[in-house]
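Novice: Pasting a structure here, questions to come.
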Amino acid sequence: MENLCHHSFFADFTVRSPKYQKSGRLEKEAADLLVVFQDTLLAIQVKSKTVDPSVDEKDPVAMSRILKALQHAIHQFRALGEALHTPNFTSLLNGHGTEIEFEKKKITNFIFIVVFVPVWQDAEKESAQIRFDPACYAEGKIPIHLFSLDQFTALLTLLDTLPDFLFYLEARWSLHGEKVIPRDSNPIDEWTLITFERKLLVEILERKALTDITGLSKRYTHAVEQLERQEKPSYFIDRLIKRFHAAIGVDMPFDSRFRTLEKPNSIKSYDLMIHYLAQLNRRERSRLTESLMSRVQNCQRNGIAFRGIKFKEDSNVAYLVLAATGNRRDRRVALGNVARGMGHKLKVKVVVGLAVGHEWPVSSECDVAVVDVSRMKVDQDLIDFTNHGFKKPRVSKG
């Protein structure tokens, strides 16, 4: 389970079996797994139980035993509530073994997930499919999602970024909360509706009429294959994050003309960078990588090429891709200068820049800079530079 979450959500945001101390110094476990991302706290409880492979979901006795096990897992979420009210529950150890500050006051969105792991009595028999009725409901104002291990594994294969997974959970909660799909709908059919049938999704929620989506995923086999091909470039961003984590502590020369927010290749600079890259969903990561590839082709003709991308109209963050001939030192200087100009042109506070050489990806060198434009004073040189370099900025929105 932990490895599944590391693969999709990055180890930076996952915490296994966080502990807290009750009065009298009694130590307790707050949850099996926590995922802490921006203002969201995703708590996961895993519950296993021995099950007969031939179990009939219509058998009230067999299903009551399974539901009893699930109810026990749900009750364990109370420990998390207790931990959140414990004064000493202020730091967590993430999947990299790094202690991170846990700012409880920033958490405004809570989501609970129970993953049921059936232990089949006879492994040689064909296992029954387990569906939950209901598969999603509220405990107070907090949504609780029930998945079998097979369902959860399949979802994390399809939704392997935190933004995509959280969007799915939000849409799923809306569908079940409005009671517009069957209570025991297959999560993969739900994902298909949310991913490929956005217009139908909106219509269903607006009409508030019960709609059977059973078997919807079978109609989209080819669409899933096409989606996987489209998303291939995006995994460059995932690999880049892992490479930068591996570079923590490695000395890197940096141009003295720039004041750095954090020391390059430090844990703090890595933590700053990953929060901006990890908030991109799979589609946005693809667009960023494809834009970088296009800039490499252009720079081979013009010496330097760059593009600014603002994924959300109201966002204070923009992304910059830059490719240039010449040495790496000059490329870093260019990245810093263009990022500052791009930030003021697009009226954002932060610009996250990626810079590569003209031989990329044969040469895997890549630099990432997070530029806080709001801290910088715009002098005349910068104004002249932006006027000259951004007459017709190529900016993609949406």
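The values are calculated or read from the model by the stated rules, or taken from the named source; none is laboratory data. Here the structure is a predicted model, which is why all the values come from computation and not from measurement. All Cβ positions, even for glycine, are placed from backbone atoms using ideal geometry, and neighbour counts span all protein chains on display.
Residues are listed down the side, and each one gets a yes or a no for (1) modelled with pLDDT of 95 or more; (2) outside the structural domain of residue 98 (by TED's automatic domain parsing); (3) assigned to a helix (DSSP H, G or I); (4) polar (S, T, N, Q):
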| residue | (1), (2), (3), (4) |
| --- | --- |
| 168 | yes, no, yes, no |
| 173 | yes, no, yes, no |
| 192 | yes, no, yes, yes |
| 213 | yes, no, no, no |
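Novice: Considering only segment 1-52, state which residues are in contact with a strand residue (DSSP E or B) (Cβ under 7 Å, 6 or more places away or on another chain), surrounded by fewer than 20 Cβ atoms within 10 Å (Cβ to Cβ) and farther than 18 Å from residue 74 by Cβ.
Specialist: Passing the criteria: 2, 6, 11, 16, 19, 21, 22, 27, 39, 40, 50.
Novice: Let me ask something additional. Pull out all pairs, ordered by first then second residue, where Cβ-Cβ is under 7 Å, the residues are six or more apart or on different chains, the first lies in segment 281-296 and is under 21 Å from residue 195 (Cα atoms), and the second is among the aromatic types (Phe, Trp, Tyr).
Specialist: So the pair list comes out as 284/311; 288/319.
Novice: A follow-up question, please. Regarding segment 357-367, can at least one residue be identified that is touching a residue at least 24 places away in the same chain (Cβ under 8 Å) and crowded, with 22+ Cβ neighbours inside 10 Å?
Specialist: Within segment 357-367, not a single residue is touching a residue at least 24 places away in the same chain (Cβ under 8 Å) and crowded, with 22+ Cβ neighbours inside 10 Å.
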